[in-house]
Amino acid sequence: MDQRKRLFFVLTSLAGAMTSTASLLAWMAPTLPAATQKDATNMLGIARSLVTEDVPVQENQWQRIDIVPEPAAQSSGVVLASSRDNGAYHFFIDDRGSLSRASSWRGQTPAGIDPEAVRVRLAHSPANEPISARQSRALGALLRALDERVSPMGESLPVRLDPVFAPLKLTTAARLSANPMLSRLSG
């Protein structure tokens, strides 16, 4: 009889420990959808302020958005401080997904080859790894903010990707991170 009591005690203890562990793990698990939604909302607010704050955007000046690569080793502060690169883009998204704006956007001057394109530099890994979910959210927020302020009659501006991004499968990364704004990217 003592052996049955011991077996019952061990099994009860095991069941209790497993239940407690499962409860603890469920309590400690991050709530990704809520955090992602909050991060996306914050990112959209940042993008809107970068696009509109202290910037007199002219009607029908911008006809498309070009996304061009930038080596991931540089941070936004380094790129903004660099005078030779400062006029080559309007917005920059670094490898951490932080957004920044260049003086060419503040002055509404063309950057790069195409004078009608808003130029966005996106940091990427030289190993052709996909962009991070945070970069995807930042890019989607920036596209939405630009559409709200720049596009004629609320239409979405066409987006062109640099061929460097083709092996990165940027649109696949957009779908995986549930970013509908990136579904309209074209090479």
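The values are calculated or read from the model by the stated rules, or taken from the named source; none is laboratory data. What you see is a predicted model; the values in this text were computed from it and never measured. Backbone-built Cβ (ideal geometry, glycine too); neighbour counts: all protein chains shown.
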From 50, 7, 11, grab the single residue that is modelled with pLDDT of 85 or more, in the same structural domain as residue 90 (by TED's automatic domain parsing) and either more than 25 Å from residue 94 (Cα to Cα) or in a helix (DSSP H, G or I) (or both). 50
Scanning segment 53-64 for residues that are out of contact with any strand residue (DSSP E or B) (no Cβ under 7 Å at 6 or more places or on another chain) and of a type in the set (A, V, I, L, M, F, W, C), which turns out modelled with the lowest pLDDT? 57
Could you tell me which of the residues 103, 76, 132, 125 is farther than 21 Å from residue 148 by Cβ and modelled with pLDDT of 85 or more? 103
